[in-house]
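Heads up, the thing below is written out as C-alpha cells.
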Amino acid sequence: MILVALLEVNDLSTHYFLKESRVRAVDNVSFTVERGKMLGLAGESGCGKTTVALSIIRMLPPAGKIITGEILLDNIDLLKKSKEEMRKTRWLDVSYVFQYAMNAFNPVMNVGEQITEVIIEKGGIKSRSIKKEAWKQVRELFEIVGLDPERVKNYPHEFSGGMKQRAIIAMAMACNPKLLIADEPVTALDVIVEKKILNLLKKLQKDFNLGVIFITHDLSVIAESCEEVGIMYAGKLVEVGSATTIFHNGAHPYTKMLIKAFPSILGEKTYIEPLEGIPPDLANPPTGCRFHPRCPLAIDECKKKVPFFKQYSSSRHLVACYRAGEKII
Amino acid sequence: MGFRRYIIRRAIDSIILLMITVIFNFILFRVMPGDPTTAILGRSGSPVYNPGEYRTRLIERFGLNKAILPFIDKDFQITPDLNTLIDNQFVVYIQKLLVGDLGISFNYFPQEVSYLIFGHRLLNTILLMGLSIVLSFLIAILLGTLASSKFKSKTDMTLIFTTLTSYSTPVFWIGMLIVFFCYGQLGILPYGGSPRIEEYSDLSSWGLDYLYHMIGPLVTLTISFVGAWFLIARDQMLGVFTEDYITTARAKGLKERRVMFVHARKNAMLPMISVLALAMTYLVSGATMTETVFNWNGLGLLTYESVYRQDYPVLQGLLLLVAAVAIISNFIADLIYGLLDPRIRY
C-alpha cells in the first residue's frame, strides 16, 4: 500500500485578474503536507503565502482565479468539487485560523454560539439533543485550548487578544479537521502569548495527528515549531525541505539571505544583512528566475529560463535555482 | 448589572433633554414677532366694537401682561421685581403643562390645543405614518439585502437608479402625480380626505373606506421613504460583507443563507434602528406635504394650517409633542441597541 500524503498541492497557479493587468500571485507551486506534521510557509509580505492558503479552501476574493493545478486532500481533488460540496468540506476537513484574531468573531454573537453553530451545521441534523451535545463539546474544547469553560457564553469583546486566539483555535478544532491552515496566527500577539499559542498548536498537532500549514513571515517562529519549511518568493516556491536542512543547509540564495537578515540571539553579535531591493511587481514579473534582479549570484541563464525544482541534498530537499548551494560573497 | 445601569443612565439623559426642550419651546414662541391678540383680532375680520378694550381683556385672559421668566418682564427687560419669581408666564406654562393643558388655539378659538392635537387628527396621522413607515422599512431592508447580495449586477443598478429617482423627487409632486393619474385620469382612487368614523353606520364600512382613502398618501410616503432607507440598508450590508467575521463565517462552510441573515444582517441592522428611531417623529409630526396634498386630516395638515394662520399655541403643542416623541423613541432605540449589541452596554 502506498502511503498518500494528507495534502498534495501540484502545480498550483492562482492569478488575480484586475482591470488591466493580471497579477501572478501564485505560479506553479507544489508541496505536500503529511499527517501530524507542520509545514511552515515563509516569505516576504505579498509573496503569495495567503493566496496559496485561500486557494486550498477556495475562498479567494472575486478577482482571484485558480488557473492550473490540483489540490489533493486524501487523494480527492478539492478543485473538482462543486461549490456546495466545497462548502461542506470547509471546517469539516480543513479549518482555517485567520490572520485577524481580533475581528474573526462576530461581535454580536457570543463565542460559544459561534462554535456550536458550526458543530450543528456539520453534524447535519438539528435537534435539541444535538444542541446540548454541541455546547458540551464547546466546553471540552475550551478546556483543551486552556480557556475557562464557564466563559463559553462570553462575547468576543470580553476576551483578550490571546484568549480570542485560543477561542479561534478551539473553533478550528470543533469538527476534528484533518488539516489546519494557520495564517499568521501569532503575528498580532506579544512574544509571551505567541509562545503559548505556538505550544498549544504544537500540542494539538501531536494529539490529534493534525496536518498543519503554518504561514508566517517570522523565520524564528518556523524554526521553533515546524518540521517542514517552504520558502516562497514572488509567487514561487523556491525551496522546500525539513526545518534543519533549510536552516543549516539552505541552498537557494534567497533562503540564505533571508536567514541572514534575522538576528541570532545566541550567536555572535554581527550586523544583520538586509536584503537589498524590493520584490518584483507580480503583474509584470521578471523573466526567468523571479529572484534574479536581487540575486548576487545571477548569471545569464537565470534571466532567460525559469528554474524548476530539483532534488538537492536529499529526496525531500527541493530547490529551484541554477546556482543552488553556491557561496554568496 | 451592566444593562440596568445603562438604562438608568440613558433615562436620566432623556429626562434632562426633555426639560431643556420644554424651556426652548417656551422661549421660542415668546421671542417670535407678533402679538397673539393681533392674530385673533386681525383674523376675525368682523368689526369689533372696541378693539382696544377687547385686546386688553385678551391680554389679561392669556396672562400676557405677566413677566416671562423670573426677573425678566414681558418685554424681555430685566426687572428687580421679586413678585416675578413665582408669578410669571413660565411657571404658569409649566403648571398647565403638567395637567395637560396646552392652551387655546387662535385659529379654532376657543377650542383647546390638547383637544385639537389628541383627537382624530393624531389617530389619522399615526395610522397613516405608522403603516407607511413599517411598509417602507420592510421593503427597504428586503431590497437592500437583495441588492447587496447581487452587488453591481443589473438588479442592483436598476434598484439604485429607481430609488435615487424616488428619493430625489419632491414628495408633494409624487402625491400630485398620483392624484392626477389615479383620480383624474383613471378614477380608481378618491381625490382625498380622511373619512371620520362618526359618518358611518358600522365599523367595517368605515374601515374599508378609510383604507381606500389611505392608499394614495400611503403609496406616496412609501415611495419617498424607501428611496432613502434602501440606500442605507444596502450600504450597511455591503459594509458588513467585507468584515472579517463574515469571511470567517464563510470559511466555516456555513450555508450562505445563514451567513447573510444571521451573521451579516444582525450587524447591518444596528444603524437601521437609528433610522427607525428618527422616523418615529413622523408618527406624530406627520408628513405635512403629503397630508396637505391628499387633504388627510392629520397633524401634518394641522401644522400647515397653524403655520399659515400663525396659530402659535397649536404649533407650540405640536413641537413639544414631536420633541417628546423624538426623545422617547431615541431612548427606546438605545435600549434596543444595548440588547442587540453587547459591546454598547458597558
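The values are calculated or read from the model by the stated rules, or taken from the named source; none is laboratory data. Just so it is clear, the structure is predicted and the values come from calculations on it, not from any experiment. No Cβ is skipped: glycine too gets one built from the backbone with ideal geometry, and neighbour counts run over all protein chains shown.
When only residues in region B:330-345 that are assigned to a helix (DSSP H, G or I) and over 18 Å from the mean Cα position of the chain (by Cα) count, which is nearest to B:Ile7 (Cα to Cα)?
First, the residues of region B:330-345 that are assigned to a helix (DSSP H, G or I): B:330-340.
Subsequent filtering for residues that are over 18 Å from the mean Cα position of the chain (by Cα) retains B:334-340.
On the way: B:Asp334: 9, B:Leu335: 7, B:Ile336: 11, B:Tyr337: 11, B:Gly338: 9, B:Leu339: 11, B:Leu340: 14 Å.
Residue satisfying both the conditions and the ranking: B:Leu335.
Taking region B:285-329, which residues are of a type in the set (Phe, Trp, Tyr) and not in a helix (DSSP H, G or I)?
Start the filter on region B:285-329 by keeping residues that are of a type in the set (Phe, Trp, Tyr), which leaves B:294, B:296, B:304, B:308, B:312.
If the condition is that a residue be of a type in the set (Phe, Trp, Tyr) and not in a helix (DSSP H, G or I), then B:Phe294, B:Trp296 are the ones that fit.
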Practice item. Find the residue count for region A:259-296, including only residues that are surrounded by 15 or more Cβ atoms within 10 Å (Cβ to Cβ) and in contact with a strand residue (DSSP E or B) (Cβ under 7 Å, 6 or more places away or on another chain). Key: 4
Review point. Is it the case that some residue within region A:147-159 is more than 30 Å from the chain's Cα centre (by Cα), away from chain B (no Cβ under 14 Å) and more than 21 Å from A:Pro185 (Cα to Cα)?
Key: yes
Check your understanding: Can you tell me which residues in region B:97-115 are under 16 Å from B:Ala324 (Cα atoms) and not in a loop (DSSP other than H, G, I, E, B)?
Key -> B:Leu97, B:Leu98, B:Ser114
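Could you list, in sequence order, all residues of region B:310-346 that are of a type outside the set (Ser, Thr, Tyr), away from chain A (no Cβ under 14 Å) and free of Cβ contacts under 8 Å to residues at least 60 places away in the same chain? If you could, list the steps in order and put the result at the bottom.
From region B:310-346, those of a type outside the set (Ser, Thr, Tyr) are B:310-311, B:313-328, B:330-336, B:338-345; that's our starting set.
Narrowing the set further to residues that are away from chain A (no Cβ under 14 Å) leaves B:310-311, B:313-328, B:330-335.
B:Val322, B:Val325, B:Ala326, B:Ile332 - these are the residues of region B:310-346 that are of a type outside the set (Ser, Thr, Tyr), away from chain A (no Cβ under 14 Å) and free of Cβ contacts under 8 Å to residues at least 60 places away in the same chain.
So which residues in region A:242-258 are out of contact with any helix residue (DSSP H, G or I) (no Cβ under 7 Å at 6 or more places or on another chain) and surrounded by fewer than 24 Cβ atoms within 10 Å (Cβ to Cβ), if there are any at all? Don't jump to the end; show me each part of the working.
At the first step, the residues of region A:242-258 found to be out of contact with any helix residue (DSSP H, G or I) (no Cβ under 7 Å at 6 or more places or on another chain) are A:242, A:244-245, A:248-249, A:251-254, A:256-257.
Within region A:242-258, A:Ser242, A:Thr244, A:Thr245, A:His248, A:Asn249, A:Ala251, A:Lys256, A:Met257 meet the criteria.
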Check your understanding: What tally of residues in region B:225-254 results from selecting those that are within 13 Å of chain A (Cβ to nearest Cβ), surrounded by 21 or more Cβ atoms within 10 Å (Cβ to Cβ) and touching a residue at least 12 places away in the same chain (Cβ under 8 Å)?
Key -> 3
Practice item. Within region B:131-173, work out how many residues are crowded, with 16+ Cβ neighbours inside 10 Å and either under 20 Å from the mean Cα position of the chain (by Cα) or not assigned by TED's automatic domain parsing to the domain that holds B:Met214 (or both). Key: 10
Point to revise | Flag if B:Thr288 is in the same structural domain as B:Phe225 (by TED's automatic domain parsing) and within 28 Å of B:Arg121 (Cα to Cα) | key: yes
Review point. Considering only helices (runs of 4 or more DSSP H) fully contained in region A:208-309, which possess at least 3 residues that are over 16 Å from the mean Cα position of the chain (by Cα)?
Key: A:243-249, A:253-260, A:300-304
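So that you can scan it fast, the table gives a plain yes or no per residue for (1) closer than 28 Å to B:Leu340 by Cα; (2) modelled with pLDDT under 90; (3) of a type in the set (S, T, N, Q); (4) surrounded by 22 or more Cβ atoms within 10 Å (Cβ to Cβ):
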| site | (1), (2), (3), (4) |
| --- | --- |
| A:Thr50 | no, no, yes, no |
| A:Pro62 | no, yes, no, no |
| A:Ile66 | no, no, no, no |
| A:Glu85 | no, no, no, no |
| A:Tyr100 | yes, yes, no, no |
| A:Ser127 | yes, yes, yes, no |
Point to revise | Test result for B:Tyr304, in the same structural domain as B:Thr222 (by TED's automatic domain parsing), over 13 Å from the mean Cα position of the chain (by Cα) and at pLDDT below 85 | key: no
Check your understanding: What do you reckon, is B:Val275 within 14 Å of chain A (Cβ to nearest Cβ) and of a type outside the set (Lys, Arg)?
Key -> no
Review point. Would it be correct to say that A:Lys195 is within 21 Å of A:Cys302 (Cβ to Cβ), surrounded by fewer than 18 Cβ atoms within 10 Å (Cβ to Cβ), at pLDDT below 90 and out of contact with any helix residue (DSSP H, G or I) (no Cβ under 8 Å at 6 or more places or on another chain)?
Key: no
Exercise for review: Please find, within region B:255-272, the residue that is nearest to the chain's Cα centre (by Cα) out of those that are within 7 Å of chain A (Cβ to nearest Cβ) and not basic (Lys, Arg).
Suggested key: B:Asn267
Point to revise | Check on B:Ala323, under 11 Å from the mean Cα position of the chain (by Cα) and farther than 29 Å from B:Leu143 by Cα | key: yes
**Study point:** Answer residue from region A:118-142, given it is more than 24 Å from A:Asp207 (Cα to Cα) and assigned to a helix (DSSP H, G or I) and is nearest to the other protein chains (Cβ to nearest Cβ) among those
**Key:** A:Glu121
Review point. Is it the case that some residue within region B:201-217 is within 30 Å of A:Thr50 (Cβ to Cβ), more than 10 Å from every other protein chain (Cβ to nearest Cβ) and at pLDDT below 90?
Key: no
Exercise for review: Determine if region B:297-309 includes at least one residue that is in contact (Cβ under 8 Å) with a residue 40 or more places away in the chain, surrounded by fewer than 21 Cβ atoms within 10 Å (Cβ to Cβ) and within 14 Å of chain A (Cβ to nearest Cβ).
Suggested key: no
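Which one of B:Leu299, B:Leu278 is within 11 Å of the chain's Cα centre (by Cα) and within 20 Å of B:Ile16 (Cα to Cα)? Show your work before the answer.
On the way: B:Leu299 fails: within 20 Å of B:Ile16 (Cα to Cα).
Of B:Leu299, B:Leu278, the one residue that is within 11 Å of the chain's Cα centre (by Cα) and within 20 Å of B:Ile16 (Cα to Cα) is B:Leu278.
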**Study point:** Among (1) out of contact with any His (no Cβ under 9 Å at 6 or more places or on another chain); (2) under 21 Å from B:Val179 (Cβ atoms); (3) at pLDDT 90 or above, the one test that B:Asn297 misses
**Key:** (1)
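Restricted to region A:60-117, and to residues that are on the phi > 0 side of the Ramachandran plot and more than 9 Å from chain B (Cβ to nearest Cβ), which residue is farthest from the chain's Cα centre (by Cα)?
A:Asn75
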